[in-house]
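Take a look at the structure below.
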Amino acid sequence: MKHIDILQAIKQRRSIHNFKQEEVKEVILKEIFTYGSYAPTHYMKEPWNIKLFQKEGKQAFVDAIIASYQRIGMLKEDDDPKTQKMIASMRDFLLAVPQHALIYFEKEEDPVRYEEEYAAVCAFIQNTQLAAWEYGVGMLWTVTPYMHDEGFVEDIGLDSKRMKVAAVMQIGYPERVPRDRGRNRIEDKLEIISE
Ligand SMILES: Cc1cc2nc3c(=O)[nH]c(=O)nc-3n(C[C@H](O)[C@H](O)[C@H](O)COP(=O)(O)O)c2cc1C
């Protein structure tokens, strides 16, 4: 494993859209998620939970996504060959991603607490992405309409009243790493108040 400095990892990590067919071994993913879990967490709540869909486990996950898109009107439900083609290509695309990690947390009644838990989960996700990069593993952080659909949350076996899906990470070894598009100068966003 090539060791890269954390500062380099922060800059060099890219969102990966194209994956090799090879799966990331469970022991490696456990190590990566362990690094993720060193994220800061108010009250030591460690609010993150992960459902990892891989191998045949992806089938029901993808079925739930398609059913959700039909429920919310993003996909039609008829037998029209056009509709069937769209469904088939979406299914193929999602099944081609080696692993999907759905990240969820328990909802809080209090909006401040809710924000804190979501913030900690996002810190977990970014730590995870950076650790993955160190292992040569690529990820794509996705937030998509089905995550906000209660029916989808129930279909994957979670209580939608209690649980919130924060993201789904697409995971695998990068087939292609996109070029670095850089970032704007921080000076444009930084206001220093010294007195
Ligand atoms: C909260 C969040 C949600 C995102 N959702 C998506 C998504 O649904 N689809 C996608 O292609 N990229 C998604 N991204 C990734 C961004 O597109 C990506 O970070 C951005 O283009 C910068 O590229 P880089 O990560 O390679 O630097 C998301 C990123 C964040 C932080």
Sole exception among (1) away from the ligand (no atom under 11 Å from the Cβ); (2) in contact (Cβ under 8 Å) with a residue 40 or more places away in the chain; (3) out of contact with any Lys or Arg (no Cβ under 9 Å at 6 or more places or on another chain) for residue 136, by number: (3)
Contacts under 8 angstrom Cβ, first residue in region 172-183 being among the hydrophobic types (A, V, I, L, M, F, W, C), partner more than 9 Å from the ligand (Cβ to nearest atom), 6 or more apart: 177/138
Hey, residue 162 more than 25 Å from residue 25 (Cα to Cα), touching a strand residue (DSSP E or B) at 6+ places or on another chain (Cβ under 7 Å) and surrounded by fewer than 13 Cβ atoms within 10 Å (Cβ to Cβ) or not: yes
Identity of the residue in region 165-182, in a strand (DSSP E or B) and either charged (D, E, K, R) or surrounded by fewer than 17 Cβ atoms within 10 Å (Cβ to Cβ) (or both), that ends up farthest from the ligand (Cβ to nearest atom): 175
Conditions (1) touching a strand residue (DSSP E or B) at 6+ places or on another chain (Cβ under 7 Å); (2) within 30 Å of residue 181 (Cα to Cα); number of the one not met by residue 54: (2)
Some residue of region 41-60 being modelled with pLDDT of 95 or more, under 21 Å from residue 162 (Cβ atoms) and small (Gly, Ala, Ser): yes
Residue identified as loosely packed, with under 14 Cβ neighbours inside 10 Å, within 13 Å of the ligand (Cβ to nearest atom) and not small (Gly, Ala, Ser) among 124, 93: 93
Residues located in region 39-49, provided they are assigned to a loop (DSSP other than H, G, I, E, B) and either exposed (fewer than 12 other Cβ atoms within 10 Å of the Cβ) or in contact with a Gly (Cβ under 7 Å, 6 or more places away or on another chain) (or both): 40
Residue within region 46-56 that is over 15 Å from residue 131 (Cβ atoms), among the polar types (S, T, N, Q) and under 22 Å from the mean Cα position of the chain (by Cα) present: yes
Filter result (away from the ligand (no atom under 16 Å from the Cβ) and either surrounded by 14 or more Cβ atoms within 10 Å (Cβ to Cβ) or touching a residue at least 24 places away in the same chain (Cβ under 8 Å) (or both)) within region 139-156: 151, 153, 154, 155, 156
Residue that is farthest from the ligand (Cβ to nearest atom), among those in region 16-36 that are exposed (fewer than 14 other Cβ atoms within 10 Å of the Cβ) and among the polar types (S, T, N, Q): 34
Qualifying residue in region 30-46 (condition: within 21 Å of residue 158 (Cα to Cα) and among the basic types (Lys, Arg)): yes
Region 97-138, residues that are in contact with a Gly (Cβ under 9 Å, 6 or more places away or on another chain), among the hydrophobic types (A, V, I, L, M, F, W, C) and part of a helix (DSSP H, G or I): 123, 124, 125, 130, 131, 132
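The values are calculated or read from the model by the stated rules, or taken from the named source; none is laboratory data. Just so it is clear, the model here is predicted, and its values are computed rather than measured. No Cβ is skipped: glycine too gets one built from the backbone with ideal geometry, and neighbour counts run over all protein chains shown.
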